[in-house]
1. Quick check on Ala246: is it at pLDDT 95 or above, part of a loop (DSSP other than H, G, I, E, B) and touching an Asp or Glu at 6+ places or on another chain (Cβ under 9 Å)?
2. If I go through segment 392-403 residue by residue, how many of them are surrounded by fewer than 17 Cβ atoms within 10 Å (Cβ to Cβ) and in contact (Cβ under 8 Å) with a residue 60 or more places away in the chain?
3. Scan (1) closer than 30 Å to Arg294 by Cα; (2) over 26 Å from the mean Cα position of the chain (by Cα); (3) without any contact (Cβ under 8 Å) to a residue 24 or more places away in the chain for the single condition Phe276 breaks and write down its number.
4. Are there any strands (runs of 3 or more DSSP E) wholly within segment 395-477 with 2 or more residues that are assigned by TED's automatic domain parsing to the domain that holds Val336, over 25 Å from Leu561 (Cα atoms) and in contact with an Asp or Glu (Cβ under 7 Å, 6 or more places away or on another chain), and if so which?
5. Scan segment 55-89 for residues that are at pLDDT 95 or above, assigned to a strand (DSSP E or B) and of a type in the set (A, V, I, L, M, F, W, C) and jot them down.
6. Looking at Thr198, Thr149, can you tell me which residue is of a type in the set (Ser, Thr, Tyr) and under 21 Å from Ile30 (Cα atoms)?
7. Contact list please: Cβ distance under 6 Å, first residue in segment 528-557 and not assigned by TED's automatic domain parsing to the domain that holds Glu381, second residue surrounded by 21 or more Cβ atoms within 10 Å (Cβ to Cβ) and outside any helix (DSSP H, G or I), pairs at least six apart or on different chains.
8. If Leu430 satisfies every condition in (1) surrounded by fewer than 17 Cβ atoms within 10 Å (Cβ to Cβ); (2) within 14 Å of Phe331 (Cβ to Cβ) but one, which is the exception?
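The values are calculated or read from the model by the stated rules, or taken from the named source; none is laboratory data. Given the structure is predicted, the values throughout are model-derived calculations rather than measurements. With ideal geometry, Cβ positions are generated from the backbone for all residues, glycine too; neighbour counts draw on all protein chains shown.
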Amino acid sequence: MRRTIAWLATAILCLAFLPQPAAAEPKHGIAMQGEPALPPDFRNFDYVNPDAPKGGAVTYCVVGTFDNLNPFIIKSLRTTARGMMDTIYGNLVFEPLMQRNADEAFSLYGLLADTADMSDDRKTIEFHLDPRAKWSDGQPVTPEDVLFTYEVFTEKGRPPYSDRMKKIARLEKTGEHSVRFTFNDEADREFPLIIALTPIVPKHAFDKETFDRTTLKPVIGSGPYTVAKVDPGQRIVFKRNPDYWAKDVPSKRGFDNYDQITIEYFLNANAMFEAFKKGICSTYTETDPVKRDRGMDFPAYHEGKVIAETFQSGIPPVVTGFLFNTRLEKFKNPVVRRALGMLYDFEWANRNMFGGRFTRTVSFWQGSELSALGHPATTEEKALLAPWPGRVPQDVMDGTWRPPVTDGSGQDRKALKAAFDLLTGAGYVLKDGAMHDPQGRPLGFEILTSSQDEVRLASLYQRTLAKIGIAVSIRTLDGDEIQSRKTRFDFDVLVGSTGFNNSLSPGIEQIGRWGSSSANVEGSFNLAGVADPAVDAAIEAMLNARTKEDYVAAVRVLDRLLISGHYMVPMQHNNEQWIAYWNTFQHPQRTSLFGYQLPTWWKKPQ
């Protein structure tokens, strides 16, 4: 026994002097590709004014209504008050573990967690909470809050928050201020960053049993503002927390400059614009350049009290268009969808509706290195597409595909004949002035719209389709009705409201938009009902790419497949960001990669 004990003691002593694996070094930031651009000692993001004066008030205006302050539940998902957690106005109440830098494709820096240790294979990540982090009631943010967040989101939350535990093998407290996530085989390389961006809620301020119920009672968060006043459906007022814990954190310096933020709700865009002209609303945005020119004709603008400014964005444009519900038999054939796509007369619309100031949208990542346009397929792309030969036409493979260009007259017979020939080649027959499918059923559909602008675009499309015997009806519904129909996939074609905001770092959200797993999940963003194993494989390759070259190749393959699938008829875009605002407000001189950032603006001192 003594020999055994002596042997064990010697072995333990020897092991203590053996080289040990190096511990992961805590990092101030993490990036999807490569390393974060900013050093550990950065003072602030480059697109802010770190010395912006604090004070004053701003009023943002939106169309709609609200009946809930909890943005994490299914009930009233679309009618949760703006600002609680907001990509435009800022995360005023709830915050994530790390903050995104709008000057990089996808890099995160410390916020609730001041550092993070992520393993090279991205199977684990440990967050170290900033000891200074506090909720608005003064209580500290703890690892227990993080554990509670994932517990309550899983049991009572809405997608995508409710689904995140499916990819987590273990979540554990590892210290007084630290938590570690260990991921299972379902997780991809982006998932640790998604976890870092997930907002955290306070355990002591929420009852798990009632978490999924709507509430208009002010809730507690860790953000820079608290809810000061609620007029249900009309306005919500936020007051800046003078004791906000992160006001000197580098990733928040230069943000949150107003003492008060009010968000006013209006029934329609016209009423909102009239309120802006009267000075009730501090800012106003408009994507239609013709409407901008016509609208900015009022005394305050001519007197210089209102400023209209254009900013340039470096991200791909929002993709809007006529989106087909491919769950319906009439839209299952991609040849039919391709023919229908040839009949949107962009040239006429651009000349007569937009003053020639729009560009045709062709790619889902147009204007970036992720786009298939102008980029012939690489060896890596061809390898990804090899299991599905013929899925992508040659002109899409070599990057030269473009939709037909008309003469802009609204009567271009070449475009009509090309679409007609495609349909007849697929077995369709024009009989008694109406196009019939191979089973003898008339080809026609309904377009749902939610505004007069959408009606104008739908009417243009309707007129062209009628020329080859395709009957189209147009139905206008209010926002709630449209949303209800979208949630149930109860539509033929949607227009305008199908906008897809694409970034320079597409990721897990692409599963929700195009993945087979979301095709028949009510409420998902896969409105087209895409269920294609080739698309699924491209998304998987994108999420698991380890090098930038592999990542770009996978996104381009996804772009080629979506273009080739003709799931929607892309319309047009203008990459300029235009905003009008009263001259009592100022913004930083430098614009971020993602364009102007309202949370960095400030009120001129009196």
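1. When the stated conditions are applied, Ala246 passes them.
2. Result for segment 392-403: 1.
3. (3)
4. The strands (runs of 3 or more DSSP E) meeting that bar are 471-476.
5. Ala57, Val58, Cys61, Val62
6. Exactly one of Thr198, Thr149 is of a type in the set (Ser, Thr, Tyr) and under 21 Å from Ile30 (Cα atoms), namely Thr198.
7. none
8. (2)
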